[in-house]
Amino acid sequence: MSVSKRQKKRRGGKPSAADGADPHALYEEAVQSPEADIEFFLARFRQHRSREPKSLREDFCGTAYLCQRWLAGSDERTAVGVDLDQETLTWGRERHFTGNGLAARLELLNRDVLAVTEPRVDLTCAMNFSFCVFKTRPELLRYFQAVHAGLVDDGLFVTELYGGTEAIVEIEDERELDDFTFVWEQKRYNPVTHEVLCHIHFGFRDGSVLERAFTYEWRLWSIPEVKELLLEAGFSGVDVYWEETDEDGDGTGLHHITLEEENQESWLVYIVAVK
Ligand SMILES: C[S@@+](CC[C@H](N)C(=O)[O-])C[C@H]1O[C@@H](n2cnc3c(N)ncnc32)[C@H](O)[C@@H]1O
């Protein structure tokens, strides 16, 4: 995850909250829900395979927060985290794997996910839409083939996708957390390529802002494109799990398997591919 340190200072030159902010910590708090993801992985694995998964690979792992929660859940588990950004991996190793005995069961690989097929694992995940960095069909197919090759014979792959009528408009969506505001900005959408440019900003009570803490240049893939490419890569079946929403349109964290849904301003799905 490349981190930009562009920060606005408060008047008077005093250090602002944005100056002291740690973008990785803010990102984890605002964006990630590893416990809920792991609960979903376990339910799907037990349903398809009637056994417990032991080994996990987290692609695009960033700070490897999910690996940490996975390892903390059972002494029998192992994890491999893969990310291109060494600075983020180092931050994650120090924050999540120091002094807790978990590092012995963790492998962090500073590599391209396209190039990793070993060690073979029970479960591979790619969360928060990260595979959208692959912008062409051959490239995404290559990634799914690498995932397939890196799974044991009865392995499972779980990933996530977002979309909806609001996913392709230029908007800023703000969400209040206890000590800061999370801002998701969709800056640009190109209808010809379906590429999007998005930024994450963090705002603080003192008025300071950590601008463009993270930037993503993605191709916004559709669900059928992803399903077709997973099948082409060799997976035997692919299911889409739709997140249910409450009356305000907010996600509930509950998902059902689906073939048809009403269009929504914004949706988020888990996609489960069975080897
Ligand atoms: C959106 S962050 C994901 C962070 C975290 N895993 C999550 O679920 O929120 C995307 C991460 O993917 C990494 N990345 C991008 N392209 C990659 C590639 N080809 N191979 C490995 N990592 C990659 C970036 O360095 C960044 O840390």
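The values are calculated or read from the model by the stated rules, or taken from the named source; none is laboratory data. Quantities reported herein were computed from a predicted structural model and do not represent experimental measurements. Please note: Cβ atoms are built from the backbone with ideal geometry, for glycine as well, and neighbour counts cover all protein chains shown. Heavy atoms of the whole protein, side chains included, go into the accessibility calculation; ligands, DNA and RNA do not. Shrake-Rupley method; radii C 1.70, N 1.55, O 1.52, S 1.80 Å.
Below, the figures for the structure above:
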| read-out | value |
| --- | --- |
| Hits in the stretch 228-275 - residues which are out of contact with any strand residue (DSSP E or B) (no Cβ under 7 Å at 6 or more places or on another chain), in a loop (DSSP other than H, G, I, E, B) and crowded, with 19+ Cβ neighbours inside 10 Å | 233 |
| Scope the stretch 29-70; condition more than 13 Å from the ligand (Cβ to nearest atom) and within 12 Å of the chain's Cα centre (by Cα); matching residues | none |
| Failed criterion for residue 163 (all others in (1) within 15 Å of the ligand (Cβ to nearest atom); (2) under 18 Å from the mean Cα position of the chain (by Cα) hold) | (1) |
| Output for the stretch 196-227, where each listed residue is over 17 Å from the mean Cα position of the chain (by Cα), open to solvent by 10 Å² or more (accessible area, probe 1.4 Å) and of a type in the set (A, V, I, L, M, F, W, C) | 204, 209 |
| Residue tally, condition surrounded by 15 or more Cβ atoms within 10 Å (Cβ to Cβ) and hydroxyl-bearing (Ser, Thr, Tyr), over the stretch 84-98 | 1 |
| Residue in the stretch 56-79 that is closer than 29 Å to residue 194 by Cα and open to solvent by 50 Å² or more (accessible area, probe 1.4 Å) present | no |
| Given (1) over 30 Å from residue 153 (Cα atoms); (2) modelled with pLDDT of 95 or more, index of the condition residue 271 fails | (1) |
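Yes/no per residue for (1) away from the ligand (no atom under 14 Å from the Cβ); (2) in a strand (DSSP E or B); (3) among the hydroxyl-bearing types (Ser, Thr, Tyr); (4) modelled with pLDDT under 95:
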site	(1), (2), (3), (4)
72	yes, no, no, no
80	no, yes, no, no
94	yes, no, no, no
100	yes, no, no, yes
123	yes, yes, no, no
140	no, no, no, no
